[in-house]
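Trainee: If you scroll down you'll find the structure; I have some questions about it.
Bear in mind that the values in this text are calculations on the coordinates, not laboratory data. Predicted model, so just to flag it, every value in this text is computed and none were measured. Please note: Cβ atoms are built from the backbone with ideal geometry, for glycine as well, and neighbour counts cover all protein chains shown.
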C-alpha cells in the first residue's frame, strides 16, 4: 500500500506545472459559468415551457447544465487520461520507472488513480459551482443538496468505466495520440449509443449521459455498468500491463 | 574467480521471425567497467531490457547478483540503477523535481538528491527546468537518476548518444569516475568502439544478437592475426625461405610481412640470421582495436 502511495505521489509531482490541474479546475467553472449565463437570460422562458412543468429550479439547472456537461466531462476526462500517459510517452519515462524496484501493477494503478482523483475533483467542483449558480440566481426553492449530491455521486461512479477504458487504451497503444483520438470518437458518438439503453450499458462513453437524477432517466446504468465495467477494464488493464513488454 | 554481478545463460529473444539476441552468455564481474559493444541493432538494448525485466526472454535466464531477474525482480532492481536507451526526464519539472520523483518512489532521504546532483555536476542547475538543459546536461540528469540510492550496479545504455565531442568527453570522464565514487559495477553499452576503448576495462562484443567476444580490453587487443614487418637482404630469397618455413608471407614496398595468429618474432629473427640473411628491420605491427573489431564482426561497424 505504501508503495502505491509513493507512486501516486510521484504521479502528482509529474503533473506539476502541467496543464492537467488548470484543466481539471477550470473546466467545471467554465461549464458552470455558461449554465449561469443560460439561466440568467432564459430562466423565465425555460420555466414557462410545458416540458418543464413541475420541475424545480434546481432540476431545471441540472437539466440545462447536463446537456453540455454529459459531453464536456467525458471529453475532459479523456484529455486528462491522455495527458497522464502522454507525459510518459514524451519523456520515455515509463521504461525507467519500470526499471525501478516497483510493482508494474501499482505503476498502472497509480496512473489510473490519478485520473480518477482528478476526475472526481472536477465533478465535485462542478457540484459546488452548480450550488453557487443556484444561489447566485436566487432560486425560490431551498438549496437541493440531495439532488446535487446524487448527481455528483452518479458521475463519480459512472466515469469509472471511461477512466478504466481510456487508461487501458493509453497503456496499450504506444502512440497515446491514437488513444486520445479513439476517446474523442467514443465521446462524440456517445449520444447515438445512448439511444439504445441496451447498447449504452456496454459503452463507457455513454454512461455519463444517464447520471442526471431524474425519474425518466435510468440511473442504474452508470451505477451498475459504470462500476462493473470500470472494475472489469481496470482488471484487464492491470493484467495486460503486468505482462506488457516495454520495448 | 571474481564474483559475477551479471550472468546470462543462453539468453535469447525472438520477435516473431527475428532473433534479436541469440544464446547470450554474458558475464560481468563485480567492480568491472564493462563495455557492451555492438553496432546499432546488434541486440544491446534488447539484452539490457531483458536484464531489467522490461522484456521477457524467449529462452534462457538472466542472473543479477546470482538471482534470476524473473523471480527476484524487485529485490534485484533495488541494487540496480539504469538509464535505458535515452535519459527520461519531465521537461516541465526542474532537475531536483525529476530526482524527487525517484526519491519518493524509492523512499530515500532528500540528501540522496543532492549527492546525485553533486556527482553529475548539476547542483548549480538543480532549480532550472529541464527543458532549458542542453543534451549533455540531460544525459547527466539521466545518470543522476540511475545513481539515486547507492546502487551496486549501473546499467547505462548509450549514454553518449547524440552528444558533441565536448559532451562525449564530459560524460566519458564522469562514467570513468563512477566506480571509484560509488563503488558500483558499471555496464555501459555503445556502438562507438573508441568510446569503449577509453572507458571500459572489460568488453563484450555483440553482433547480430550473438556474443562474439568477452574478456578484458587487453585480451581483445591480442585477438586476431598479428603482423611482422621484415626488411632483409636478399629479399626474394628471404621470402622463399620464410614460405618454406610455413609462414604466410606477403611482399609490399620492399618489405616482407608475415601474418599469423601466434608468431614468435625472436624465433623468426634467429632463423633468418642463421640462414645468412641480412636482417635490417624487424617489427611487430599490433593491430588496432578497430581492425580486430572489424575482423570479428565481418567488417561491419556501427
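Trainee: Take the conditions closer than 14 Å to residue B:289 by Cα and buried (at least 19 other Cβ atoms within 10 Å of the Cβ) and apply them to residue B:238. Does it pass?
Mentor: When the stated conditions are applied, residue B:238 does not pass them.
Trainee: Which ones in the range B:97-112 are under 24 Å from residue B:173 (Cβ atoms) and surrounded by 22 or more Cβ atoms within 10 Å (Cβ to Cβ)?
Mentor: Residues satisfying the conditions are B:98, B:99, B:102.
Trainee: Can you name the condition, by its number, that residue B:65 falls short on among (1) at positive phi; (2) more than 13 Å from chain A (Cβ to nearest Cβ)?
Mentor: In the conditions (1) at positive phi; (2) more than 13 Å from chain A (Cβ to nearest Cβ), residue B:65 misses (2) alone.
Trainee: Go through B:176, B:171 for me and flag whichever is away from chain A (no Cβ under 14 Å), outside any strand (DSSP E or B), in contact with a helix residue (DSSP H, G or I) (Cβ under 7 Å, 6 or more places away or on another chain) and touching a residue at least 40 places away in the same chain (Cβ under 8 Å). Reasoning before the result, please.
Mentor: On the way: B:171 fails: touching a residue at least 40 places away in the same chain (Cβ under 8 Å).
Answer to the selection: B:176.
Trainee: OK, next. Of the residues that make up the range B:154-161, is at least one in a loop (DSSP other than H, G, I, E, B), within 14 Å of chain A (Cβ to nearest Cβ), surrounded by 17 or more Cβ atoms within 10 Å (Cβ to Cβ) and touching a strand residue (DSSP E or B) at 6+ places or on another chain (Cβ under 7 Å)? Before you say what the answer is, go through the steps one by one.
Mentor: Pass one, the range B:154-161, residues in a loop (DSSP other than H, G, I, E, B): B:158-161.
This time we only want the ones that are within 14 Å of chain A (Cβ to nearest Cβ), so: B:158-159, B:161.
Those left that are additionally surrounded by 17 or more Cβ atoms within 10 Å (Cβ to Cβ): B:158-159, B:161.
Next, only the ones that are touching a strand residue (DSSP E or B) at 6+ places or on another chain (Cβ under 7 Å) stay: B:158-159.
Within the range B:154-161 (the criterion being in a loop (DSSP other than H, G, I, E, B), within 14 Å of chain A (Cβ to nearest Cβ), surrounded by 17 or more Cβ atoms within 10 Å (Cβ to Cβ) and touching a strand residue (DSSP E or B) at 6+ places or on another chain (Cβ under 7 Å)), the answer is yes, since at least one residue qualifies.
Trainee: Further question on the same structure: From the list A:127, A:54, which residue is away from chain B (no Cβ under 14 Å) and assigned to a helix (DSSP H, G or I)?
Mentor: Matching residue, one of A:127, A:54: A:127.
Trainee: Oh, and also: For the range B:121-131, which positions are in a helix (DSSP H, G or I) and more than 13 Å from chain A (Cβ to nearest Cβ)?
Mentor: In the first step, residues of the range B:121-131 are kept if they are in a helix (DSSP H, G or I); the result is B:123-125, B:130-131.
B:123, B:124, B:125 - these are the residues of the range B:121-131 that are in a helix (DSSP H, G or I) and more than 13 Å from chain A (Cβ to nearest Cβ).
Trainee: List, please: which pairs have Cβ atoms under 8 Å, are six or more places apart or on different chains, and start with a residue in the range A:93-110 that is in contact (Cβ under 8 Å) with a residue 24 or more places away in the chain and at the interface with chain B (Cβ under 7 Å from one of its Cβ atoms) and end with one that is surrounded by fewer than 22 Cβ atoms within 10 Å (Cβ to Cβ) and assigned to a loop (DSSP other than H, G, I, E, B)?
Mentor: The qualifying pairs are A:95/A:246; A:95/B:85; A:98/A:246.
Trainee: Mind telling me which of the residues B:62, B:116 ends up being touching a strand residue (DSSP E or B) at 6+ places or on another chain (Cβ under 9 Å) and crowded, with 19+ Cβ neighbours inside 10 Å?
Mentor: None of the others qualify; the one that does is B:62.
Trainee: Can you report the number of residues in the range B:74-88 which are closer than 10 Å to residue B:152 by Cα, assigned to a strand (DSSP E or B) and at the interface with another protein chain (Cβ under 7 Å from one of its Cβ atoms)?
Mentor: Qualifying residue count for the region: 0.
Trainee: Okay, next question. Test of understanding: among B:81, B:43, which residue is touching a residue at least 12 places away in the same chain (Cβ under 8 Å), under 22 Å from residue B:182 (Cβ atoms) and crowded, with 24+ Cβ neighbours inside 10 Å?
Mentor: B:81
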